[in-house]
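Shown next, in structure tokens, is the structure this report addresses.
The values are calculated or read from the model by the stated rules, or taken from the named source; none is laboratory data. All values derive from a computational prediction rather than experimental measurement. Cβ: placed from backbone, ideal geometry, glycine included. Neighbour counts: every protein chain shown. Accessible surface is based on the protein model in full, side chains and every heavy atom, while ligands, DNA and RNA are left aside. Shrake-Rupley method; radii C 1.70, N 1.55, O 1.52, S 1.80 Å.
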Amino acid sequence: MPLDTDPTSPGMDSYVSVADADVYHAAYGHADWGGKTLAERETALRSATQYLDARYRFRGEPDQPQQALAWPRRSYPWPERRVVAATCELAWRALANPLFSDVAPIGVRQETIGPMTTVYAVGSGDGQVRYALVDQLLRELVLGGLNRRLERV
């Protein structure tokens, strides 16, 4: 099934077309992107879009109440170049590894050596991999902590 990148479509499932992603990845030297099948690239773009919508809370309101995805947003141009770049970066990473991992339970480990006992958590935390480039691309578009800077006064 081909990607639906039409923001007015209730079936929109990717922020970026394969053709646009091909141009992006060629410009950034991601040669392995072009070596994948069309189906693999479409799946990666769908996964990247799903990750963006699940992971980030964006500023503003959706442009249309019935739209399938978080973008486009009111007061922001579409296509929003930073969302396109973030989608392409995540799609490239999705070809190698899942973007989300299942969460391993956090266990408690206790060690006693002589009179001292140490208790600490063992596990993977929230199971979310952070993608620094994607966070930076989206920092001005998201609500909350990614765009705040703390300073001591």
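Share of carbon and sulfur in the accessible area of the range 20-80 stands at 49%, probe radius 1.4 Å.
In whole percents, the pair-distance distribution calculated for the range 1-118 from its alpha-carbon pairs, binned every 5 Å from zero, is 2, 11, 19, 20, 14, 10, 6, 4, 3, 4, 4, 3, 1, 0.
Solvent-accessible surface of the range 3-82, averaged per residue with a 1.4 angstrom probe and all protein chains in place: 55 square angstrom. For a paramagnetic label modelled on residue 19 (point 7 Å from Cα along Cα→Cβ), amide N atoms under 17 Å away belong, within the range 63-96, to 79. Histogrammed with a bin width of 10 Å, the alpha carbon distances of the range 44-83 distribute as 30, 59, 11 percent, first bin at zero.
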